[in-house]
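Here is the structure we will look at.
The values are calculated or read from the model by the stated rules, or taken from the named source; none is laboratory data. If you're wondering where the values come from, they're calculated on a predicted model, not measured in any experiment. Neighbour counts are summed over all protein chains in view; Cβ atoms, including those assigned to glycine, are modelled from backbone coordinates with ideal geometry.
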């Protein structure tokens, strides 16, 4: 069975999405593919598209779990899974991943992060990618609660940590 | 049709749940019932049980949207809706409410708060109730993002604001 | 806690929906209300509206679990629960009921009937109401499978059977 | 993007599951893989396992949408997507497929068939595979309703029809 790495983060219409976050996402995609991991995401734009582009650059496989239909998928998605339940599909991005990496993001990403903690999935936040990820890191959000998250400083560290945590499952 | 007020917050096993949060929840329940609102919550313990107790003290109606089965419901639930989907039922607590009030809480409450923002539902956070609610308030979490939340200082203000926002829908 | 009776059946645009089915639904609604049961349904037209009308004639309480938003609810719904997941909300009509009564119907009703059998809920089919209900009865559909259904000949028998089966849970 | 063919049918504990149904499933899997289609199913035993075995014999790709966790997956699943929502995951097997093929089956398969009709997905029933599929064919179940299904006589015809219908989408 394939190792599944889920990536969540800013959609394409996030005005605060930085080029650093997008570059980081692309490197994450490349590194996941190089290690033969399958990339799972929400299938749309912004961080999701960048991570898929990276994975395809290394001939990886990409799965998009879409809010409604296949034509919402970005051009780097191999397998477009339509759910028809809108944002309520977020939980599937998380429940399906062996580990989760979060980059930037807003309420939707926070929704996925909270699911990761509720499901006790390994969750890695990449520092410096902005948005909710940096707000959580800087504010130590719920840091002492029942589920812990992991903070890393780069795409390389994130993928390293993700695969390390998958092996421990 | 009835006005539906959803309340989310700490479960009974939250070690940081304060008596102030529980008292606030109980007053919220009473005031919602006095205004003929129907109370919706996750149906279990802690804040959920306190708010239902308050509502029943004033002969209000309480609906619990339960993770699995009816026997998870607290003793103040009139209508126990079993979902069988575990924590994935959180979205229903939010999608069903005309307005949402949050009290204390951890990752589960944050999950519901993020759904409220994604669905663009009126969301009221009661300051001083601890947990994620105060962390959001103190950290100004995602304050400038596409969906805004309302901060109030008491149960009375929360219910006042909730009904005011329902009327504007 | 209230006894919850779920009713499923033809929507308003079913060309084969008979006046007998509608009359039967209305009587079911009345009888459920008389016994202080709460009526749950999909909240829309046809059989759903008729059963709600009956319940309100006897001052019963009606809950509609709606595909999308509150404004889809028929005029006899007290509590309109919005799900935002379209037809995927069908499982909630079934998981929430202590017993299920089916009247007429097409693929949507068959979807709910199959959920009733999968969840091993008490399911009552009213003979003579047409649609998928009579097709199941006449064809003995999956009659020997792991979950059995109950066949009755009238609204009165259906409600009698439903409450009897609830007591045995 | 890959063409996605969903297959539903009897689980491994179906006492009426025939060797003909299993052989048919295995051939369906092989033919879907030969045409570079990705196979989607519920990920478990019986028809699901046979169809995955066939696909892997031809180096195809198999996706299992699992009720709960990855360890429920049969040995021929490449990508095991955990949902954590039990049988409520059925809709995803259908919403994700570009076309659906049904083989034998009971209430669970009927649940998936009804979703296929509700979502207006191309649905192909293979005659002679027993269970609910033959009951629907022999009883002309809901044959004149708003969504039609296609009846074929072999695995070869089923896959031919499935890809033909996908092209027309």
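Looking at region C:45-59, is at least one residue more than 14 Å from chain B (Cβ to nearest Cβ) and under 24 Å from residue B:93 (Cβ atoms)? The answer is yes; a qualifying residue exists. For region A:54-63, the tally of residues that are in contact with a helix residue (DSSP H, G or I) (Cβ under 6 Å, 6 or more places away or on another chain), part of a loop (DSSP other than H, G, I, E, B) and under 22 Å from residue D:37 (Cβ atoms) stands at 1. Can you pull out every residue in region B:109-131 that is in a helix (DSSP H, G or I) and touching a strand residue (DSSP E or B) at 6+ places or on another chain (Cβ under 8 Å)? B:109, B:112, B:113, B:116, B:117, B:131, listed by residue number. Among the residues of region C:63-75, those identified as under 12 Å from residue C:48 (Cβ atoms) and facing chain B (nearest Cβ under 10 Å) are C:63, C:64, C:65, C:66, C:73, C:75.
One line per residue, one yes/no per condition, for (1) in a loop (DSSP other than H, G, I, E, B); (2) more than 21 Å from residue A:26 (Cα to Cα); (3) within 11 Å of chain B (Cβ to nearest Cβ):
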| site | (1), (2), (3) |
| --- | --- |
| A:135 | no, yes, yes |
| A:141 | yes, yes, yes |
| A:144 | yes, yes, yes |
| A:160 | no, no, no |
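Based on this model, can you work out whether residue A:91 counts as within 21 Å of residue D:64 (Cβ to Cβ), under 15 Å from the mean Cα position of the chain (by Cα) and without any contact (Cβ under 8 Å) to a residue 40 or more places away in the chain? Don't jump to the end; show me each part of the working.
Values: within 21 Å of residue D:64 (Cβ to Cβ): yes; under 15 Å from the mean Cα position of the chain (by Cα): yes; without any contact (Cβ under 8 Å) to a residue 40 or more places away in the chain: yes.
So residue A:91 passes the test.
If you go through region C:1-31 and keep only what is away from every other protein chain (no Cβ under 14 Å) and farther than 20 Å from residue C:115 by Cβ, you end up with C:18, C:19, C:20, C:21, C:22, C:23, C:24, C:26, C:27, C:29, C:30, C:31. If you go through region C:146-158, how many residues are part of a loop (DSSP other than H, G, I, E, B) and at pLDDT 90 or above? Residues that pass the stated criteria total 3.
If you go through region D:137-162 and pick out every residue that is under 18 Å from residue C:139 (Cα atoms) and out of contact with any strand residue (DSSP E or B) (no Cβ under 6 Å at 6 or more places or on another chain), you end up with 8.
If the condition is being within 9 Å of chain B (Cβ to nearest Cβ), crowded, with 24+ Cβ neighbours inside 10 Å and farther than 21 Å from residue A:37 by Cα, then region A:86-107 contributes only A:106.
Yes or no, residue by residue, for (1) closer than 27 Å to residue C:43 by Cβ; (2) assigned to a strand (DSSP E or B):
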| position | (1), (2) |
| --- | --- |
| B:1 | yes, no |
| B:15 | no, no |
| B:27 | no, no |
| B:31 | no, no |
| B:40 | yes, yes |
| B:45 | no, no |
| B:52 | yes, no |
| B:65 | yes, yes |
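Within region C:115-133, the residues that satisfy the criterion of being within 11 Å of chain D (Cβ to nearest Cβ) and either crowded, with 17+ Cβ neighbours inside 10 Å or closer than 21 Å to residue C:21 by Cβ (or both) are C:115, C:116, C:117, C:118, C:119, C:123, C:131, C:132. Can you find a residue that is surrounded by fewer than 23 Cβ atoms within 10 Å (Cβ to Cβ) and at positive phi anywhere in region B:53-63? Checked against the condition, which is being surrounded by fewer than 23 Cβ atoms within 10 Å (Cβ to Cβ) and at positive phi, region B:53-63 yields at least one hit.
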